[in-house]
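Every read-out reported here was derived from the displayed coordinates using simple, explicitly stated rules and does not represent laboratory data. These numbers come from a predicted model, not from an experiment. Cβ: placed from backbone, ideal geometry, glycine included. Neighbour counts: every protein chain shown.
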Amino acid sequence: TEPSPILRASGISVRYGLATAVATCSLEIARGSYVCLLGRNGAGKTSLVSALAGALPRDGRMWFDGHEVATSKSTWLARNGMLVIPEGRHLYPSLTVEDNLVLGAYAWTRSAREARRAPELEQVYDLFPRLAQRKRQLAGTMSGGEQQMVALGRALMGRPRLLMLDEPSLGLSEAMIEKTYEVLRDLRATGLSVLLVEESPHRALELCDVGIVMSSGSIIAERPTAELLAPGVLESYYLGTK
Ligand code: ATP
């Protein structure tokens, strides 16, 4: 039998008052697979990811690692390896780089001593030597690209099994976008699963196995990325001619 997916969601809806931002969306993320979530501005991508992460109330059912998870269980999800890098990164600007990284370890420990001694810290510094050089600098004074490294590093400190990234390319230089994608490519070997939200899709499609397209709160396509990369296919979804 097939191993159960790391994430299964069925009939997920998110409402803001009377407005429905996500309408009965269902999806699965296979263990070790990379899935990108595409769609125009306002399609509902952020709302769906926030609801899956337990940060926003939702209707519908979801299972993480085979366990059914009630709505808004963000702490349980983080402790079990579902970590999110939200849009805008949400660092603590007045804490140092290292303190921001160490806070990431609180996903799996409540002990300050254990968090400070997490072996992941050296791994993050190996991955991003720039952060090792700047560990005592306040995160809020780092460049956008460096803050992105801190956000990625903090998530890796949390021992992710499913990492969800909401528009990690936003506002970054080409070089920094490339670095982010390079790190994600390398992390595949660890068995990580990824849900990647991007508005401009080509780089995400090159990285991922499956692409999900959202429009007006609904999932309108879920296809292998190779099919979505064929000329004209994605454009037809975006233009609504498919
Ligand atoms: P973006 O890339 O711009 O974040 P998105 O695809 O992630 O777009 P959402 O941010 O999830 O889309 O927004 C989906 C819909 O929900 C939009 O119509 C948006 O205006 C609405 N919406 C989002 N957040 C709120 C909120 N806090 N209150 C009311 N409506 C909201």
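Observations, loosely collected:
- Hey, residue 83 surrounded by 15 or more Cβ atoms within 10 Å (Cβ to Cβ) and away from the ligand (no atom under 15 Å from the Cβ) or not: yes
- Any chance residue 9 is on the phi < 0 side of the Ramachandran plot and over 18 Å from the mean Cα position of the chain (by Cα): no
- Number of positions in the stretch 16-41 that are out of contact with any helix residue (DSSP H, G or I) (no Cβ under 7 Å at 6 or more places or on another chain), within 16 Å of the ligand (Cβ to nearest atom), touching a residue at least 40 places away in the same chain (Cβ under 8 Å) and farther than 14 Å from residue 196 by Cα: 4
- Test: residue in the stretch 164-171 that is over 15 Å from the mean Cα position of the chain (by Cα), among the polar types (S, T, N, Q) and surrounded by fewer than 23 Cβ atoms within 10 Å (Cβ to Cβ): no
- Looking only at the stretch 12-53, and only at residues there that are more than 21 Å from residue 163 (Cα to Cα), among the polar types (S, T, N, Q) and surrounded by fewer than 16 Cβ atoms within 10 Å (Cβ to Cβ), the one that is farthest from the chain's Cα centre (by Cα): 24
- Where helices (runs of 4 or more DSSP H) fall wholly inside the stretch 45-118, the ranges with 1 or more residues that are within 23 Å of residue 22 (Cα to Cα) are 45-52, 74-79.
- Search result, residues across the stretch 137-155 that are surrounded by fewer than 24 Cβ atoms within 10 Å (Cβ to Cβ), among the polar types (S, T, N, Q) and within 20 Å of the chain's Cα centre (by Cα): 147
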